[in-house]
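In what follows, a structure is listed as structure tokens, so that the remarks can point back to it.
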Amino acid sequence: MNKFTSATSNENTTTGRDVEQMSMSLLNSESLVFRGGCSEIPMRDVKYVLVVFGGLVGYPSDDIKKILWIEVCFLTSRSLTISKRDGQYRIDNQATPTMLNSLMYKLSYYRFVETDGKNYDRVRRTETGKEHFKPTTF
């Protein structure tokens, strides 16, 4: 079997620092993650990214749901805010700019509007904040 670099394999997430780096990758903008804007982000060597997204079919345990946990891991040393002051996150037109530009958001909602034309996330029961965008790396 081929050996691929995995951003979340057991050998790469053995320390709190590794978890923080992955959190940083998913919460930051794509340009910062892949264009070398931050030397601490390990995503430049990753060939594949798997994101579980349930907004179309109604699967509630997708990766967007885990974004607050990811933010908590990241906030141990940084101040990048995905959630609002009340601790809730939004993916609609009231989402924070950080959320709308994060790699996690882009990987989850890229071309989502093309699926049914409504841009409606069934899990979060709202329309998304961005309809038409194109990731530059993927």
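The number of residues in the stretch 99-138 that are farther than 24 Å from Ser23 by Cβ, part of a helix (DSSP H, G or I) and in contact with a Lys or Arg (Cβ under 8 Å, 6 or more places away or on another chain) comes to 0. The set of residues from the stretch 71-123 being surrounded by fewer than 17 Cβ atoms within 10 Å (Cβ to Cβ), modelled with pLDDT of 70 or more and at positive phi comprises Arg111, Gly117.
Among the residues in the stretch 58-67, are any under 19 Å from Tyr109 (Cβ atoms) and modelled with pLDDT under 65? For the stretch 58-67, residues under 19 Å from Tyr109 (Cβ atoms) and modelled with pLDDT under 65: absent.
The values are calculated or read from the model by the stated rules, or taken from the named source; none is laboratory data. Everything quoted here is computed from the prediction, not taken from an experiment. Positions of Cβ are generated from backbone atoms using ideal geometry, with glycine treated the same way; all protein chains shown enter the neighbour counts.
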